[in-house]
C-alpha cells in the first residue's frame, strides 16, 4: 500500500526484522516489517477515523512513530503491540480534534496487552471522559506497587527491564504486579 516490500526479508520473522532495525537504524528494514501490517493498521484507522484520507495520513504518522518507539520498547508480539499503538493513536487524534461522536472504547484501551474483555460503548465524548475518569480512579485504587508498574507498562509503555530499573523490583515481581493490577482493574471496572 505505502511501502515497497523487499523479497529477501519476506521470510524473516518480525523479531528478526526488529533486531536488524535496532542494530542498523535502517528505515527500509522497518518499512519491510511495517508493510506486513499496513492493511491491518489502515483497517483500524478506518474503524476509528471513518475517513480514508485521515486513515492514510495516520498510517504514515504511525510509521514515523515506530521509527523511534521500536528503538526503545521491548516488543514481545509486534502485531498486537502495533494494534495497541494504532488504536491509541486514533483515539488521541479523535480526542484532540473533538471529532468524537460515537466511539467504542474498551477497557482493553490498556488494551490487548491487558486482555480485558469488558467493553464500554460511547454515544458521545462526555461518556468517554467519564469512562477515562473511572479508569483513572480504578488505577488509583490499586496497591502502590501494582499502580506504579501498571502505569509504567501500559501508560508510559516502558519495557519490563526498564520498569525493573526504575522501581528496583525484581523482574518476577514486576510481572506479577502488572498481572494482578490488570485483574484488579477489570474487577473494579466491572463493579462500577
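Only the coordinates and a few stated rules stand behind these numbers; no lab work does. Note that the structure is a prediction, hence the values are computed from the model and not measured. Neighbour counts run over all protein chains shown; Cβ positions are idealised from the backbone, glycine included.
Look at the Cα gyration tensor of segment 121-192: its axes a ≥ b ≥ c give a/c of at least 1.5 with a/b over b/c, and that counts as prolate. With contacts taken as Cα pairs under 8 Å and at least 6 residues apart, segment 121-192 reaches a relative contact order of 36 percent.
Distance between the 7 Å Cα→Cβ label points at residue 16 and residue 170: 3.6 nm. In whole percents, the pair-distance distribution calculated for segment 1-99 from its alpha-carbon pairs, binned every 5 Å from zero, is 2, 13, 25, 24, 18, 10, 5, 2, 0.
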